[in-house]
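The values are calculated or read from the model by the stated rules, or taken from the named source; none is laboratory data. Here the structure is a predicted model, which is why all the values come from computation and not from measurement. Here the Cβ is made from the backbone with ideal geometry for all residues, glycine too, and neighbour counts use every protein chain on show.
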Amino acid sequence: MSLPTSYLTGSFSKIPQYFDTLLTARAPEKFTAKFFADLGFTSSNDRQFINVLKAIGFLDDSGTPTQRYYEFLDQSSSKKMVAEGIREAYEDLFALNISANTMTVQEVEGKFKTLTNGSKAATTITQMAKTFTNLCSYADWSAPLPQERDIPETPKNEATSQHNKSESTISAPSSTSAFDLNYDIHIHLPATRDQAVYDALFASLAKHIPLK
């Protein structure tokens, strides 16, 4: 199941502050609780965000920043990287609703109950849903879906060409009887002064190759 088990149990409204502060700092070799505390986030609720960063692919399991984290530091694409990470982490939810990022907390709770088969407590489901919706509120969802980016458009002239090819294939003659065949026969006559030889040769030709 592609659904993160990491979530915040409080401080949901601080998610934008977490991300914005990361944009002001250089990526560490290892993203530790101490590094986060040095940025001003010292509570236990703050530290839970480290696992959320792992869930959305900003950190690997050891806490090392990933390529997505480095791309996030480029402020022209930072919020799009957050959206990309959310879509990947919550793949099963987006499979149920491709616009899951627009759902309310209550709607997300309902989907999470389904996806977890009722195995999570109601309080946990609510915390998971609030984590998700607050992440979505920060992200930039203007980028097209992956499948929309990957499908190349067929140029109009190419499409027309393919259409014409199909038509020409359908209308092509199916029988050789539609063709007229012309034969050119070249005869090298023997050198002789005997007219009877020529008469016999042409008579034979007329017999075996009748002219129309």
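Annotation: LYS80 fulfils all but one of (1) farther than 16 Å from VAL52 by Cα; (2) of a type in the set (Lys, Arg); (3) in contact with a helix residue (DSSP H, G or I) (Cβ under 7 Å, 6 or more places away or on another chain); the unmet one is (3). Counted as qualifying within segment 98-152 are the helices (runs of 4 or more DSSP H) with 2 or more residues that are modelled with pLDDT of 95 or more and surrounded by 10 or more Cβ atoms within 10 Å (Cβ to Cβ), namely 105-115, 122-138.
Can you tell me which residues in segment 27-54 are touching a residue at least 12 places away in the same chain (Cβ under 8 Å), within 22 Å of TYR138 (Cα to Cα) and not hydrophobic (A, V, I, L, M, F, W, C)?
GLY40, SER43, ASN45, ASP46, ARG47, GLN48, ASN51, LYS54
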